[in-house]
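Engineer: Sending over a structure as structure tokens; questions will come in a sec.
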Amino acid sequence: MAVKHIPTGVVHHEKKDGTTGCGVDTKKNNDHWGDSQQKITCDKNGCKD
Ligand SMILES: [Zn+2]
């Protein structure tokens, strides 16, 4: 799964618990995040392979 941080346009890996691979809780600012089919662009550990 991928999730897009709308204010920055960065696409992150999304884990089943609602956090990104790099450790951001997407439930805290739910309106900043949207499901995405795009390629992950976050380069932090946990998001990039
Ligand atoms: Zn990330």
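Engineer: May I ask you to list the residues in the stretch 1-40 that are part of a loop (DSSP other than H, G, I, E, B), surrounded by 15 or more Cβ atoms within 10 Å (Cβ to Cβ) and small (G, A, S)?
Structural biologist: If the condition is that a residue be part of a loop (DSSP other than H, G, I, E, B), surrounded by 15 or more Cβ atoms within 10 Å (Cβ to Cβ) and small (G, A, S), then G21 is the only one that fits.
Engineer: Among the residues of the stretch 3-16, write down those that are more than 10 Å from the ligand (Cβ to nearest atom) and within 8 Å of the chain's Cα centre (by Cα).
Structural biologist: Result: K4, single match.
Engineer: If I ask for residues that are touching a strand residue (DSSP E or B) at 6+ places or on another chain (Cβ under 7 Å) and farther than 9 Å from C42 by Cβ, which ones from the stretch 13-23 would you list?
Structural biologist: Correct list: E14, G18, T19.
Each reported figure results from applying straightforward, stated rules to the coordinates on display, with no laboratory input. Since the model is a prediction, treat every value here as computed from it, not as a measurement. As a convention, Cβ positions derive from the backbone with ideal geometry for all residues, glycine included, and neighbour counts pool all protein chains shown.
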